[in-house]
Structure formats: structure tokens, C-alpha cells
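Reading through the C-alpha cells given below for one structure.
The values are calculated or read from the model by the stated rules, or taken from the named source; none is laboratory data. On a predicted model such as this, the values are computed, not experimentally measured, just so you know. Cβ sites come from the backbone with ideal geometry, for glycine too, and all protein chains shown count toward neighbours. Each accessible area value is taken on the protein alone, full model and side chains, heavy atoms only, with ligands, DNA and RNA left out. Shrake-Rupley method; radii C 1.70, N 1.55, O 1.52, S 1.80 Å.
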Amino acid sequence: MAGQILSETLLIALLGGLLGWVIAAGGIRLLSILGADQLPLGATIAFNGRLAIAALLGSIVFGLLVAVPIAWFCIRRDPGAALQSESRGASGNRAVQGLRHVFTVIQIAVAFSLLAGAGMLGVSLQRLLGTSPGFQPAQVFTGQVVLPFNNYGTDTARQQFVERLVGALKGEPGVTSAAVSCLMPFAGKDSSGITAVEGAEKGAQHIAYRNGVVGEYWRTLGIPLLEGRWLGDADNAGKPRVCVVDEAFARRNWHGKSPLGRRINDGIDFKPDESFTIVGVVGTVKQWEVADTEPLGTVYYPFRFWSDSAISVAVRSSLPPSVLGPALQRIVAQLDPQLPIDNLKPMQARIDDSLSSRRSPAVLAGIFAVVALLLTATGTYGVLSYAVGQRRREIGVRMALGALPQQVLAQFLGLGAKLVLVGIVLGFFGAWMAGRLMQSLLFGVGTLHPGILAAAAGLMVSVVLLATLIPSLRAARVSPTEALRGE
């Protein structure tokens, strides 16, 4: 008997796994048709042999986990009691019924946890998308150039090239402003280091980003000027050593006081002969992630004092990217035919790419939550439909003795309501654990979000009760005569 139960359950699990193969292959094929390369992690989604074997083994293992307790309950059942209950047309062993209900409750709890987790990730992503990076990325197009050492091995050679490049970019039709910098936001480059501040105690220095700029960098990116002035072309040509800092750097070092006229220099120790005087304060720009709540701060130097062989180009223009890309390539080729400009993309695309690590979990969790919700509805419907079929004679007898259809309907709806309520209570703990595990992926969302939990609970109740309603209506419509005649 145990072998028969195990073989039947494993056969169902195997058939389910094979059907899952077909659905998975078809779904991935559909993604490729719709343009999977535009989706988060779309280029890496594939259905290969290793994945197929792992999925099929998972189906078989799950089939064993389901079959073992069923076989155990059936084998331990008293034959005499079983025959007696069958002769009475009862619904079967209460332990088996309880096991079915336990599986249904687990389904509901898992689906609720996935729904809550997907909701928290979705709200987090929505808040991230609404968070300002500190500048205005719209209509800004960027690219990157690497200057070879053999032709641009000195600061002077690099400065001469970037000044010619900025001048050519400004003369391009449709370009309102242009700039070159050593550190472009969301470009994947790190130029952080210790900056010494005049008058600061030893050991109180902070790490900050350093950036060398040429052209209208802040106007091009839309970074606001808060105090003082920006750096101009004269600062790249004259002797005065001046710089601009952002609000985060100023707040960290001077705690609300004006930093204008203060002196700083790169390194651990302050050196008056190598210091720069602060002439302006600009808004804080997030360099790596929009979710960064405590930016390091940035110091902006004239390019001739802080140059690099890897430079970034930024232009603000109303022209589409399809026009700006070839224009930038043409301008760079005119200045030096051996220099390529690559990584051409709008600034907004760079920000979107930085969110892929947060967008992908939200999309995947949403897909899994929908699948779990469908499985829960199907499972609840199957369990209650089976219960109605098993209790058909009992229902007929009760209705023959005077039970109203409304009472029978309320009985099965009440059973579905109990299952969903117990599942939601257990799902709250699952959602809480998921929230704790996902804290590194969440932004502006706590471990538990009351609105998300309420929405997930409402959706679960609606789906489960809808799945319960169909077999409940069938039970309420049972004819006592036909039920007894069938028995």
C-alpha cells in the first residue's frame, strides 16, 4: 500500500515537473520575443540542461515529501474503522483531512509571504525611482574616453585635449552646454581619498571623492549652486588654486558654517603650499547609488590640478541620443582619429542601470508571488472540491433532515475562511522574516509595512474565498434524492 501511494504521488510530481519544463521553456521563449534584453537580468535568463535536471529533481523530492506523510496516515489507519466510515459515507479519516488542510494553510502562508515581500520590494523601488540623484539627468548624454599615455602622458597634454574637446562640443548645433570630468556620477569609477582641512585636528580628516572638471560641468548636469561661484575657464588657466565642494563635504567638516575661504588639500596632512581655497558650494551628487543616504562628499578641482587619462564627456542637448552618439564620435575623431569614445548612453540610462540590482528582485518576487497565488487558489479549490465529493451522501442526508442550502454553503465557506485566516497569521511571520532578510535591498521601507500587509491579506482572502465559493455552491445544490440514490 505504501508503494502504491508513493508511486502514484511521484508520478503526479513527475508529470508536474515535465509540465513545468514546457511552461518554463515557453515563458523564456516569450521573454526573448518581447525583448528580454530590456528586462532586468534579461540577458542572463536561460533554460539549460542543468536547470532542467535540478527542477525535475526538485519535483521528485517534493513528491516524496508529500507522499510520505500520506502513506503513514493511511497505513496506520484502522481497517475496521475505515470500512465502517465508508459504509456510513463519511468523509474519511480525520487525520487525512487535517493533512490536506495543513498543506492548504502552508500554501496560503507561503503565498502571503511572497506577496508581502514583492509588495515591499515594489514600494522600495518606487521610492528609489522618486529619489533625486542630486542633479537633473534629463537631456544629458554621456560618453567615456581613455587618453593613451604615449600621446597624453602629461597634465598639460591632457588639459589641452579636453579644452579643445569642450570647445568643439559647445559649437555643435543643439548642444546647450558641455563639460569633461574625471568622475562622472554612476559611471562606475571611484576616486575617493582623504582630504586634509586647515585647522582640523589630526585624525579628523574625512574621505571624499575628488573630481577634475573642465567646462560648464554643474550647468550641464543641473547641479545647483548653493553658495559662492562655480569654477570657470580662468581657473584652469590662472595660478590661483581654488576649488568647489559640495554640501555633504561642507556639512561634515564645518557643521553648518560657511566653508568659503577655507583651505584644503589632498592627503592626510594639511600643506599650505599645496592647498586650495574654497570658492563655492554646490549640491550633493550621489555617485554610485540613488539609495545612498550618507554621501561621502565631493571636492571639485580645476582639471589642470586634478587630471586623469580616463575622462567622461557630458553634454546637455534636446537632440535624441541617436543623433548625439554619432556626433560625439565624429568630434573626437576630428581631434584625434586614434581615440575612440565608448560607453555612450544617456545619463538616465546610467541611473537605471544602477537600479538593476534592486529592480530584478522586485520583478522576480512579483512573478513568484503571482504563481504562488494561482497555486493557492487551485489547491484550495481542489481540496474543497474533493471534500464535497467525499461528503456528498452526508450532505444529502443533512438536507433530507431539514438542513437549508444556505447552511451547507456557510459551512464550506466557513472552512475556507478558517484556512485563509490561519494561513495569513502564519504568513505574517513569514513576511516579517522576509522583511528582515531583505533589509539590504529595501529603501525607505521597514521590516513590516502595514499598508502592504493589509493589501496582501485582502488579496489572499478574496482569492481563497473565490476558490472556495465554487465547491461551496456545488455542495449547497446537492439533491438529497440523487445523493442517496447514488450511494
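To the nearest 20 Debye, how big is the dipole of the chain about its Cα centre, given +1 on the beta carbon of each Lys and Arg and -1 on that of each Asp and Glu? Numbers along the way, then the final one.
Values: 41 positive and 31 negative charges, 335 e Å.
Charge dipole of the chain: 1600 debye, to the nearest 20.
Using R₀ = 45 Å, calculate the FRET efficiency as 1/(1 + (r/R₀)^6) where r is the Cβ-Cβ separation of residue 459 and residue 293; round to 0.05.
0.90
Check residue 136: other-chain or 5+ apart residues with amide H under 5 Å from its amide H, H built from backbone geometry?
Long-range HN contacts for residue 136: 222, 223.
Expected output is a single nm value to one decimal: the length gained when fully extending between residue 338 and residue 251, i.e. 0.36 nm times separation in residues minus the C-alpha distance. What is it?
26.9 nm
Roughly speaking, to the nearest percent, how much of segment 363-461's 1.4 Å accessible area is carbon and sulfur?
Of all accessible area on segment 363-461, carbon and sulfur atoms account for 75 percent.
For helix 49-76, report the angle its Cα long axis makes with the longest principal axis of the Cα atoms of the chain; keep it between 0 and 90° and round to the nearest 10°.
Roughly 30 degrees, rounded to the nearest 10.
Give me a comma-separated list of calculated 3J(HN,Hα) values for segment 388-403, in order, Karplus coefficients 6.51, -1.76, 1.60 applied at θ = phi - 60°, integers in Hz, x for any Gly or Pro.
5, x, 5, 9, 4, 5, 4, 5, x, 5, 4, 6, 5, 8, x, 5
Pairs 170/345; 170/239; 170/257: which are spaced more than 28 Å apart, C-alpha to C-alpha?
Beyond 28 Å: 170/257.
Show me the ranking of peptides 361-369, 57-65 by mean Cβ neighbours inside 10 Å, starting with the highest.
Descending mean neighbour count gives 361-369, 57-65.
Which of 406, 70, 282 sits closest to the plus end of the dipole of the chain, meaning its Cα is farthest towards the positive end, when Lys and Arg get +1 and Asp and Glu get -1 on the C-beta?
In the chain, that residue is 406.
If I fit a long axis through the Cα atoms of helix 79-88 and take the longest principal axis of the Cα atoms of the chain, what angle between them do I get, 0 to 90°, rounded to 10?
Long axis of 79-88 versus the principal axis of the chain: about 80 degrees.
Among 305-313, 225-233, how do they line up from the highest to the lowest mean number of other beta-carbon atoms within 10 Å? Could the numbers behind the result be given before it?
On the way: 305-313: 19.9, 225-233: 15.8.
Listed from highest to lowest mean packing, they are 305-313, 225-233.
Taking only protein heavy atoms and a 1.4 Å probe, what accessible area per residue, in Å², does segment 282-400 have with all protein chains in place?
Normalised by residue count, the accessible surface of segment 282-400 is 43 Å².
Putting +1 on Lys and Arg Cβ atoms and -1 on Asp and Glu Cβ atoms, find which of 461, 3, 222 reaches farthest to the positive end of the dipole of the chain.
Of the listed residues, the answer is 3.
Quick check: at a probe of 1.4 Å, how many percent of the accessible area of segment 268-358 sits on carbon and sulfur atoms?
C and S fraction of accessible area: 52 percent.
Within a Cβ distance under 14 Å of residue 383, other residues only, what is the Lys/Arg minus Asp/Glu net charge?
Around residue 383, the surrounding residues sum to +4.
Within a Cβ distance under 10 Å of residue 316, other residues only, what is the Lys/Arg minus Asp/Glu net charge? The partial results should precede the final answer.
Working: positive: 219; negative: 216.
Taking every other residue near residue 316 into account, the sum is 0.
With Cβ to Cβ distances under 15 Å as the rule, what net charge do the other residues near residue 156 carry (K, R +1; D, E -1)?
+1
Relative to the first principal axis of the alpha-carbon coordinates of the chain, what is the inclination of helix 2-34, with its axis defined by its Cα atoms, in degrees from 0 to 90 and to the nearest 10?
The angle comes out at about 40 degrees.
Amide H to amide H under 5 Å from residue 276: which residues, 5+ apart in sequence or cross-chain, H placed 1.01 Å off N in plane?
The answer is 264, 265.
Once phi is turned into ³J(HN,Hα) by the Karplus curve 6.51 cos²θ - 1.76 cosθ + 1.60 with θ = phi - 60°, what whole-Hz value does each residue of segment 272-289 show in order, with x for glycine and proline?
My calculation for segment 272-289 gives x, 6, 10, 7, 10, 8, 6, 10, x, 10, 10, x, 7, 10, 7, 8, 10, 9 Hz in order.
Evaluate E = 1/(1 + (r/R0)^6) for residue 127 and residue 403, where r is the Cβ-Cβ distance and R0 equals 56 Å; express this FRET efficiency to the nearest 0.05.
0.55
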